[in-house]
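**Q** The structure's right below; bear with me while I get my questions together.
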There are 2 protein chains.
Amino acid sequence: MTNQIFSQTQAEFSLIDWIAGQQLRHRAEVKLGIGDDAAILSAPGFEWVVTTDVITQGVHFTAETAPELIGRKALAVNLSDLAAMAATPCAAFIGIVLPRTYGRQSVEQLYHGLLEIAEEFDVTIAGGDTNSWDGPLIISVTLHGLVAPDSAVRRHGARPGDWIFVTGALGGSFDSQRHLKFVPRVKEAIALRKTVNIHAMLDLSDGLGSDLFHLLNQSRVGAILEASDIPIHADVTQGLSEEERIRHALGDGEDFELLFCVSPEAGKRLQEFSPVAVSLTKIGEITLQPAACLRYRDNIQALTRSGWSHSFSAIP
Amino acid sequence: MTNQIFSQTQAEFSLIDWIAGQQLRHRAEVKLGIGDDAAILSAPGFEWVVTTDVITQGVHFTAETAPELIGRKALAVNLSDLAAMAATPCAAFIGIVLPRTYGRQSVEQLYHGLLEIAEEFDVTIAGGDTNSWDGPLIISVTLHGLVAPDSAVRRHGARPGDWIFVTGALGGSFDSQRHLKFVPRVKEAIALRKTVNIHAMLDLSDGLGSDLFHLLNQSRVGAILEASDIPIHADVTQGLSEEERIRHALGDGEDFELLFCVSPEAGKRLQEFSPVAVSLTKIGEITLQPAACLRYRDNIQALTRSGWSHSFSAIP
């Protein structure tokens, strides 16, 4: 961790000092934040849940994306990973590589987007490293959350007969720019965790048709999804055929909704009284047979790990 | 944290699964490592010390640098930050952005370099995120170390009269490629911490003439350095004048040696019986007056934050 000086035509300023000055609150678990060789975290009686995600220009955003939205997304994708473990976000470390052409105003806008969502989720920026170079913009975030000992929700506990739920609706995230503005399901995950025993959970980043396999493989089970039950987001173009719209929901990716498995009894309780404001939809069930299938208009097709494009095209 | 699939002409392989398979040991504090949405760290009675450093092609290494050395350096610079706090390294998270042209062999070489130094310092790779893009190579590492509560060595405790020491010798790190092969002073920092009360410490990444100011500013003190006492590395070209060689030692950077302050009594003890194999050299003393000065051939010159180049040129 270094206090890199960010050179400008007119002035020099320490980006790290500036960020430290922007933060009004500071979580108690961050015993030492920005300014030394490293930060110090302290939280007796808890476990730290840690995730890292890198977002890059040309892949996760474009040269035209507003800096505020880039900063927001860099933290939001990590918040989504912690939501998938039902952890409470706490402290973030920001590694950033700036194009040399990036002006101070753009950097401040980027950090304003980042700090705004940090404040919204009570996250302290505890440290970072800033460099500049001749290439495009890259942001790497490492986010720390807390859980009570042994209470993080893993991917590996799905059982045959479990009901499979998703929060919200899927598809069209890229084209609509929703991937820059989504609300990570942190509060929802914690509320669900308090209400029912969640056997397995993850967040949908690559797309339901692909992420589902992480959960199935780690749980050593299979699944059958009901195509007509998959909630299709209003962002998916309305004029398309039903089949095309389901393809988008399965394969577009960057939904950042939660996919989780609970017992049928717990599933019924969630359907009767949901602890969250966002919609919860049962989209299928876990099977003993370790294969992923999709039922569509009374045809059952195999889903493959490579996603919807190869498997789903076989559906009549 | 996502299990990105790394596409190859002939085969696909999960880089994250491959890395997990390469690790023979797993630290007890890493309760859950690679494979879920996030990792879980657990260490009751300790504090976590966390640092992040990003290294980029064209800045910290070149397109010609051997991948093993790039991987090694990415972890080594973070190990050096933890050394500066006298923390015991424990768990690393690796964010990596690969050029699309990067073959599987190069990626494996890169990780072999990284895993080798990880094993040497008993660090578990606990998670990561791998992407590829059209740009050059970038590696972002977030490293977690442990300290007993309230025992991390900070930058802010230097006191007037303290003696200033450096480990090893300075200068010529870039030209000699030492910046790719240096040994982070982790063991030395812990041994020193056990032997004496270290008032303040940091690692030299930008160069003595520049990093010194972080320590002085945070401690609200000044310093007078003895130019002729600064240990000049054998990597600095021998044919140069003494003044030129001192400039290199002050300004080249990437030494990754420790700069630390102790009481004169503790300093004498270190000179009489050093607990470390690497050389320890007293290079100056802390002053009440908050300015940094350099004594050279009976002239005292002001050092400025912008380094040696502007200030030192005034020396006759």
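**Q** Residues of region B:77-114 being assigned to a helix (DSSP H, G or I) and within 14 Å of another protein chain (Cβ to nearest Cβ), which ones?
**A** B:Val77, B:Asn78, B:Leu79, B:Ser80, B:Asp81, B:Leu82, B:Ala83 - these are the residues of region B:77-114 that are assigned to a helix (DSSP H, G or I) and within 14 Å of another protein chain (Cβ to nearest Cβ).
**Q** Out of region A:191-241, which residues are of a type in the set (Asp, Glu) and either under 22 Å from A:Val77 (Cβ atoms) or in a helix (DSSP H, G or I) (or both)?
**A** Passing the criteria: A:Asp203, A:Asp206, A:Asp211, A:Asp229, A:Asp235.
**Q** If you don't mind, there's one more thing I want to ask. Looking at (1) touching a Lys or Arg at 6+ places or on another chain (Cβ under 9 Å); (2) more than 16 Å from A:Asp53 (Cβ to Cβ), which is the only condition A:Leu146 fails?
**A** (1)
**Q** Can you name the condition, by its number, that A:Gln301 falls short on among (1) more than 30 Å from A:Phe61 (Cα to Cα); (2) exposed (fewer than 13 other Cβ atoms within 10 Å of the Cβ)?
**A** (2)
**Q** Kindly check whether there is at least one residue in region A:238-245 that is in contact with a Leu (Cβ under 9 Å, 6 or more places away or on another chain) and either under 30 Å from A:Pro44 (Cβ atoms) or away from chain B (no Cβ under 14 Å) (or both).
**A** No, region A:238-245 contains no residue that is in contact with a Leu (Cβ under 9 Å, 6 or more places away or on another chain) and either under 30 Å from A:Pro44 (Cβ atoms) or away from chain B (no Cβ under 14 Å) (or both).
**Q** In region B:24-45, how many residues are surrounded by fewer than 19 Cβ atoms within 10 Å (Cβ to Cβ) and in contact with a Lys or Arg (Cβ under 7 Å, 6 or more places away or on another chain)?
**A** 1
**Q** Is it fair to say B:Val59 is under 26 Å from A:Leu137 (Cβ atoms) and either facing chain A (nearest Cβ under 7 Å) or part of a strand (DSSP E or B) (or both)?
**A** Against the criterion (under 26 Å from A:Leu137 (Cβ atoms) and either facing chain A (nearest Cβ under 7 Å) or part of a strand (DSSP E or B) (or both)), B:Val59 qualifies.
**Q** Another question, then. Kindly check whether there is at least one residue in region A:157-175 that is touching a helix residue (DSSP H, G or I) at 6+ places or on another chain (Cβ under 9 Å) and closer than 23 Å to B:Val30 by Cβ.
**A** So far as region A:157-175 goes, yes, one or more of its residues are touching a helix residue (DSSP H, G or I) at 6+ places or on another chain (Cβ under 9 Å) and closer than 23 Å to B:Val30 by Cβ.
**Q** Further question on the same structure: Checking B:Gln238 against (1) farther than 15 Å from B:Asn197 by Cα; (2) in contact (Cβ under 8 Å) with a residue 12 or more places away in the chain; (3) in contact with a Lys or Arg (Cβ under 9 Å, 6 or more places away or on another chain): exactly one of these is not met. Which one?
**A** (2)
**Q** What number of residues in region A:28-70 are under 30 Å from A:Gln177 (Cα atoms) and in contact (Cβ under 8 Å) with a residue 12 or more places away in the chain?
**A** Of the residues in region A:28-70, 19 are under 30 Å from A:Gln177 (Cα atoms) and in contact (Cβ under 8 Å) with a residue 12 or more places away in the chain.
**Q** Within region B:83-97, does at least one residue satisfy the condition of being within 22 Å of A:Ala74 (Cα to Cα) and polar (S, T, N, Q)?
**A** No: region B:83-97 contains no residue that is within 22 Å of A:Ala74 (Cα to Cα) and polar (S, T, N, Q).
**Q** Report the residue count in region B:144-190 for those that are assigned to a loop (DSSP other than H, G, I, E, B), within 14 Å of chain A (Cβ to nearest Cβ) and not acidic (Asp, Glu).
**A** Residues flagged as assigned to a loop (DSSP other than H, G, I, E, B), within 14 Å of chain A (Cβ to nearest Cβ) and not acidic (Asp, Glu) within region B:144-190 amount to 12.
**Q** In addition: Which residues, taken from region B:115-142, are buried (at least 17 other Cβ atoms within 10 Å of the Cβ), more than 14 Å from chain A (Cβ to nearest Cβ) and not in a loop (DSSP other than H, G, I, E, B)?
**A** B:Leu115, B:Ile117, B:Ala118
**Q** Across region B:13-56, what is the total count of residues that are in contact with a helix residue (DSSP H, G or I) (Cβ under 8 Å, 6 or more places away or on another chain) and at the interface with chain A (Cβ under 10 Å from one of its Cβ atoms)?
**A** Number of matching residues: 9.
A short reminder: the numbers here are calculations on the coordinates, not readings from a lab. Predicted model, so just to flag it, every value in this text is computed and none were measured. All Cβ positions, glycine included, derive from the backbone under ideal geometry; neighbour counts span all protein chains shown.
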